[in-house]
Structure formats: structure tokens, C-alpha cells
Amino acid sequence: MNTITILFFATLRDMIGEKKIDLELEPGTDVAGLKNKLASRFPRVQPALPTVLVSVNKEFAFDQDEIPSGAEVALFPPVSGG
């Protein structure tokens, strides 16, 4: 198992109720797999997951990107401005 640290920002932090958690992932898990795991563990955040911005080790990541062991993953809600 791979242990990663997940950081939650803005409204995601409110939905999860934590600013940071550690999570065990199977080796080879990608960002989409992480989102699925978060949706099952934290159902309240599920509607937001399709549009979150994800970074893995401070680099933007996409659903097909694999998450390495020990990674720091940050989740941000979409941002709009005017």
C-alpha cells in the first residue's frame, strides 16, 4: 500500500471537515481512482469531484495520472473570478 497526504482547500475543506488527511492507496492508483475512493469515504464531496483541480507533488494532475507512494495531493474547487 502507498500512503499519501491529501490537502483540501476552500469549500472542499468544509465538506470533508479536515484540512489534511493521510490515505492508503493501492500501488498504481491514478487520480480518477483517488476521486472514487474519496467519494465512497466522504459522500458529501462526491458532487464536487468531477470539477476539482488536483495537484500531485505541486504539479497539476489529470484523471489518468498515477499517484506515487508518499505523494502530497492537493484538491482545489474550481475558481471563477471577474
(request) Express in nm, to one decimal, how much length is gained between residue 51 and residue 76 on full extension, taking 0.36 nm for each residue of separation and deducting their alpha carbon distance. (result) 8.1 nm
(request) Tally the DSSP beta bridges in the chain and give the antiparallel ones as a percent, rounded to 5. (result) 80 percent
(request) Write down the accessible area per residue of the chain in Å², having rolled a 1.4 Å probe over the full set of protein chains. (result) 61 Å²
(message) Just to be sure I understand the model, the point goes 7 Å from the Cα along the line to the Cβ. What's the resulting residue 7 to residue 41 distance in nm?
(response) 1.7 nm
(message) Taking amide H atoms as placed 1.01 Å from N in the peptide plane, list the residues 5 or more away in sequence, or in a different chain, whose amide H sits under 5 Å from that of residue 29.
(response) 67
(request) Please give the contour-minus-distance gain from residue 32 to residue 66: 0.36 nm per residue of separation, less the Cα-Cα distance, rounded to one decimal in nm. (result) 11.3 nm
(message) For a bin width of 5 Å, list the pair-distance distribution of the stretch 1-73 built from all Cα-Cα distances, rounded to whole %.
(response) 3, 17, 30, 31, 16, 3
(request) Using just the helices of the chain, give the 222 nm mean residue ellipticity in deg cm²/dmol: DSSP H runs with n ≥ 4 each add -39,500 (n - 2.57), and the total is spread over all residues, rounded to 500. (result) -5500 deg cm²/dmol
(request) Write down the Å³ per residue value for the convex hull defined by the alpha carbon atoms of the stretch 34-73. (result) 73 Å³
(request) Could you size up the charge dipole of the chain around its Cα centre, putting +1 on the beta carbon of Lys and Arg and -1 on that of Asp and Glu, and report it in debye to the nearest 20? (result) 380 debye
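The values are calculated or read from the model by the stated rules, or taken from the named source; none is laboratory data. Note that the structure is a prediction, hence the values are computed from the model and not measured. In this analysis, Cβ positions are derived from the backbone assuming ideal geometry, glycine residues included, and neighbour counts consider all displayed protein chains. These area figures cover heavy atoms from the full protein model, side chains too; ligands, DNA and RNA do not enter into them. Shrake-Rupley method; radii C 1.70, N 1.55, O 1.52, S 1.80 Å.
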